[in-house]
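What follows is calculated from the coordinates using simple rules that are stated; it is not laboratory data. Worth saying up front: this structure is predicted, and the values here are computed from it rather than measured. Using ideal geometry, Cβ is built from the backbone for each residue, glycine included, and neighbour counts are taken over all protein chains shown.
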Amino acid sequence: MKRLFYSMSLRGGRSSRQSNPLFNGRLLRAFALAMTLALLASCQPVDLNASMPAFDTGADTSQWSFIPAGEFVHGQHNKEAVIDHDYEMMTYPVTTSQYAEFLNASLANGIVKVDGEKIVGFYPGDEYNGGKHEERIEAGDWMLIPLNDPALRLEFDGKTFTVKDGYENHPMTVVSWFGSRAYCDYYSWRLPTEMEWEKAARGPTAGPGSDRPFPWGGEIVRNNANYYASRDPFEDMSSLGSRTSPVGFYNGQTYDGYVTIDSPSPYGLYDMAGNVWQWTADIYDQQHYRYMRGGSKDTYEMDLRIWVRNNAGPTYVSPGAGFRCAR
Amino acid sequence: MQFVKIRFNYLFTSTKGLILVAIAMIGMVTAVWGMLSGPMAELGVREVVVRLLGMKLIQAEREGRIIILYHSIAMAVVSIEVYIITSLLKMKEFFKSAINATITVGYLFAMIFGMGFAYFGHNWAFHGLYIFGLSLIFFAGIILAVALNPWNPEYYVTDKNHAHTKKGVSVERIAFFTMAVATLGSTLFGAIPGSYFGNGFEVFLAENVIRQPHKTYLEDAVIGHLHIMLTLIAVALSLIVGRWLDFKGKLHTVSMHLMWTGTIVISLGAWSVVIVDWAHTIIYVGSVLVMLSALMLVIFGWGKFIREGTAHITKPTIGQKIRALVSDPLKFGPLWQMVFMNFTVSGVGIFMAVKLDEIMRVIPWREERITLTGHWHILSALIATIILMYYGDMVGLKGKVRQWFGWGILVLSDIAFASVTIFELKRLFISEAEQQPLVNTLMILADLGLGMLLVILAMLMIWRLSDLFKKQGRWTEEIDHELSQEVK
């Protein structure tokens, strides 16, 4: 090695070494320093419990929105579709407070239990059809939430769940599909199907703008929704990145100088684009994946378009994925 | 008038002029459209560009717009490769003129009218002209295949260092011919679904259907199409670099046989994606053949640089050999990028395939998409850098300019590609909640690398533009020059 460096640095032709930036020591050192600094900057730890502005959006989280049976424009290519039943969906995503209440109640009556570093609940299993990449979802206890995920906004003392300060009115996140389903099931509700979710976001066929790409209309600006680098008061792109906003935040109010645009769907649902992906109910043939809709705080605005789908296995949890129920 | 005419002739009839125009067109499109996504969108630059240029962007048409954008850039890249092939390989002058004229009109129509249709309101005449442009490129491909006919005795070779059959048929020419024919066949896998989906304007990006357990034949065809077209562009470039560096000897013989067989196998594999579930196995076999062929080119090229660079030294040390190897970044660079491709593209692709159920299918679909798009964006950009380095050589960059141009492209692009690769695979080692500082660093490195690369390209283009105003500029030397004269 010594010989190698010696021959490279001392015995080489002077002119080629001078003109070749590769052999320019000062440049190499500056480059190495810049790279080291850049990598060090990327290694700084993220304080997941950093303080965050608290705003009261005035959202009534027990509110439901009515969606009548009927036609709607489905998908990116505006196919006609119909839902033959009336239904209701939660006006806002389920909050961390609501989920903590559910956990405390269902722990007390034994519907869910602690299993090591997670909360589990029973799921009756899915039919396995041997699809390509399909995984078996057997009957048994499945994880609702992990207890050791630092991004979880709940605290657990072994008996009771409480919400971390400031997150009471934020959407519940770090919750699996099983956890979302268990919540809705506990109250005798259910997760919405993808089609129900889409109709709730898009509105009825009649009238102008029925093919709207966003719940509120044809275009998106930063004050419509919480998405990646949308410059909302909760994000800090230098360290934390994007964080959830309280449910119903984009309601036209001004919060400490930050002006929002009232952005409900035609049926009055809020947060149908951005903030958190929302689990839906459908189980498709030869797939174990569960589908999510709506985009999130972590995605560009293209993923907030009504027809965009996301999926993951039913045990997947994320600080950018939550849910709401239907009935 | 004579001033314009003579320069027009240079730009649109000479090989180097045609390549210059195509690089300039790609550079402009990349610079402008690069401002519509990623960090530029985050910074608010996109809104300014859209307003300034009067673009009309409809949310539901994003995927369609992107497909036209990709095709516009790809057609110009294909044209550059064709210009180089017609200038490097022997063929009748008629064929050369017909191919270059047809493909030039083709890619300019596809790019100008395609982008006009996609981004500036829907003028249907533009859409027709876009399709017309693509069709012209296809016809140019047919003429190229005819012109490359390796069994034409005029192109037989006798040089024993140049791989050939007993009869004298050049194996290298067979490889070029196979690539051209395979490309023509592969276009159908895009054109037919394109006619079906495009006519109803129900376009989709392949990465958006990747997790569907059941895809239609046409959806599978699109997936096969995009993979094989990019592969064939890379195969063509590998052959071009080989000819440029005067690839010959035993390695050449083995490499060229591997290349033409590999091209056939990999094309059949990509085509069979439509009908069989195990098509990827055929693709793996073809990929191994093609990659081995490229490896032989790298071994030949690097050995040659070392031999030539140390010819004056009786017993060169390892250091002297390495210095000889890297002394000319414009020659070393393209082969290095082929090696680097294994770390950032092939290796990642194989890892993703092997760990698909274990890792890639555990992360959400939208994140798997990032790995897929990053994967082929890097491959495309690597191809572009190799072309740029060859262009730097063919316009005769010398001394410090050559060194800075070559190393600039190489170092900046590789920093960017390495950063994008880490970004693609970040979920393997960092959680969503804790990723932002890493993402910021990687994005800065990637954007800095690619941004500076565009600055280098802009400087080159400004120099070439200013040269055009000179009476006895470099362009006058290039007007009748063929690349085959520069093979050494």
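The single condition among (1) in a loop (DSSP other than H, G, I, E, B); (2) more than 8 Å from chain B (Cβ to nearest Cβ) that residue A:291 does not meet is (1). Candidates B:161, B:208, B:199: the one that is within 13 Å of chain A (Cβ to nearest Cβ), of a type outside the set (Lys, Arg) and touching a residue at least 24 places away in the same chain (Cβ under 8 Å) is B:208. In the stretch B:243-260, the qualifying residues are those that are crowded, with 24+ Cβ neighbours inside 10 Å, out of contact with any Asp or Glu (no Cβ under 6 Å at 6 or more places or on another chain) and not aromatic (Phe, Trp, Tyr), and the one that is farthest from residue B:182 (Cα to Cα) is B:255. How many residues does the stretch B:150-167 contain that are part of a loop (DSSP other than H, G, I, E, B) and either under 23 Å from the mean Cα position of the chain (by Cα) or surrounded by 15 or more Cβ atoms within 10 Å (Cβ to Cβ) (or both)? Selection size over the stretch B:150-167: 6.
So which pairs qualify, if the first residue must be in the stretch A:57-69 and in contact (Cβ under 8 Å) with a residue 40 or more places away in the chain, the second must be basic (Lys, Arg) and in a strand (DSSP E or B), the Cβ gap must be under 7 Å, and the two must be at least 6 apart or on different chains? From the stretch A:57-69, no pairs qualify.
Quick one: which residue in A:226, A:169 is touching a Gly at 6+ places or on another chain (Cβ under 7 Å) and part of a loop (DSSP other than H, G, I, E, B)?
The conditions single out A:226.
Exactly one residue out of B:315, B:321 is farther than 30 Å from residue A:135 by Cα and part of a helix (DSSP H, G or I), and it is B:321. Considering A:278, A:286, the condition of being assigned to a strand (DSSP E or B) and either more than 10 Å from every other protein chain (Cβ to nearest Cβ) or surrounded by fewer than 18 Cβ atoms within 10 Å (Cβ to Cβ) (or both) is satisfied by A:278 alone.
Evaluate the following for residue B:263: is it surrounded by 19 or more Cβ atoms within 10 Å (Cβ to Cβ) and either touching a helix residue (DSSP H, G or I) at 6+ places or on another chain (Cβ under 6 Å) or of a type in the set (S, T, N, Q) (or both)?
Numbers: surrounded by 19 or more Cβ atoms within 10 Å (Cβ to Cβ): yes; either touching a helix residue (DSSP H, G or I) at 6+ places or on another chain (Cβ under 6 Å) or of a type in the set (S, T, N, Q) (or both): yes.
So residue B:263 fits the description; yes.
Consider the stretch A:227-241 and keep the residues that are facing chain B (nearest Cβ under 8 Å) and over 19 Å from residue A:40 (Cα atoms). The one that is surrounded by the most Cβ atoms within 10 Å (Cβ to Cβ) is A:228.
Does residue B:475 satisfy the condition of being surrounded by 16 or more Cβ atoms within 10 Å (Cβ to Cβ), more than 22 Å from the chain's Cα centre (by Cα) and farther than 19 Å from residue B:34 by Cα?
yes
Based on this model, can you work out whether residue B:298 counts as under 20 Å from residue B:382 (Cα atoms) and either touching a residue at least 24 places away in the same chain (Cβ under 8 Å) or more than 21 Å from the chain's Cα centre (by Cα) (or both)?
In short, yes.
Of the residues B:138, B:126, which single one is closer than 27 Å to residue B:55 by Cα and either surrounded by 15 or more Cβ atoms within 10 Å (Cβ to Cβ) or among the charged types (D, E, K, R) (or both)? Spell out the reasoning first.
Values: B:138 fails: closer than 27 Å to residue B:55 by Cα.
The unique qualifying residue is B:126.
Flag not set for residue A:231, criterion: over 28 Å from residue A:165 (Cα atoms) and among the basic types (Lys, Arg).
Of the candidates A:180, A:97, A:176, the single residue that is within 24 Å of residue A:271 (Cβ to Cβ), touching a strand residue (DSSP E or B) at 6+ places or on another chain (Cβ under 9 Å), within 14 Å of another protein chain (Cβ to nearest Cβ) and of a type in the set (Gly, Ala, Ser) is A:176.
Just name the residue that is nearest to residue B:25 (Cα to Cα) out of those in the stretch B:433-472 that are of a type in the set (D, E, K, R) and either away from every other protein chain (no Cβ under 11 Å) or crowded, with 21+ Cβ neighbours inside 10 Å (or both). It comes out as B:464. With respect to residue B:135, determine if the residue is in contact with a Leu (Cβ under 7 Å, 6 or more places away or on another chain), assigned to a helix (DSSP H, G or I) and of a type in the set (Ser, Thr, Tyr). No: the conditions fail for residue B:135.
So that you can scan it fast, the table gives a plain yes or no per residue for (1) within 30 Å of residue A:276 (Cα to Cα); (2) in contact (Cβ under 8 Å) with a residue 60 or more places away in the chain:
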residue	(1), (2)
B:337	no, yes
B:342	no, no
B:347	no, no
B:350	no, no
B:356	yes, no
B:360	yes, no
B:384	no, yes
B:395	no, yes
B:400	no, no
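Take the conditions (1) surrounded by 21 or more Cβ atoms within 10 Å (Cβ to Cβ); (2) more than 14 Å from chain A (Cβ to nearest Cβ); residue B:343 misses just one of them, which is (1). Of all residues in the stretch B:402-420, which are free of Cβ contacts under 8 Å to residues at least 60 places away in the same chain and facing chain A (nearest Cβ under 10 Å)? Selection gives B:404, B:408, B:411, B:415, B:419.
With the checklist (1) under 28 Å from residue B:243 (Cα atoms); (2) surrounded by fewer than 19 Cβ atoms within 10 Å (Cβ to Cβ) in hand, flag the one item residue B:357 doesn't pass. Result: residue B:357 fails condition (1) only. I'd like to check something: does the stretch A:186-201 contain any residue that is free of Cβ contacts under 8 Å to residues at least 12 places away in the same chain, touching a strand residue (DSSP E or B) at 6+ places or on another chain (Cβ under 9 Å) and part of a loop (DSSP other than H, G, I, E, B)? Looking through the stretch A:186-201, none of the residues is free of Cβ contacts under 8 Å to residues at least 12 places away in the same chain, touching a strand residue (DSSP E or B) at 6+ places or on another chain (Cβ under 9 Å) and part of a loop (DSSP other than H, G, I, E, B). When A:215, A:171, A:192 are checked against the criterion of being surrounded by 15 or more Cβ atoms within 10 Å (Cβ to Cβ), in contact with a helix residue (DSSP H, G or I) (Cβ under 6 Å, 6 or more places away or on another chain) and within 30 Å of residue A:288 (Cβ to Cβ), A:215 stands alone in meeting it.
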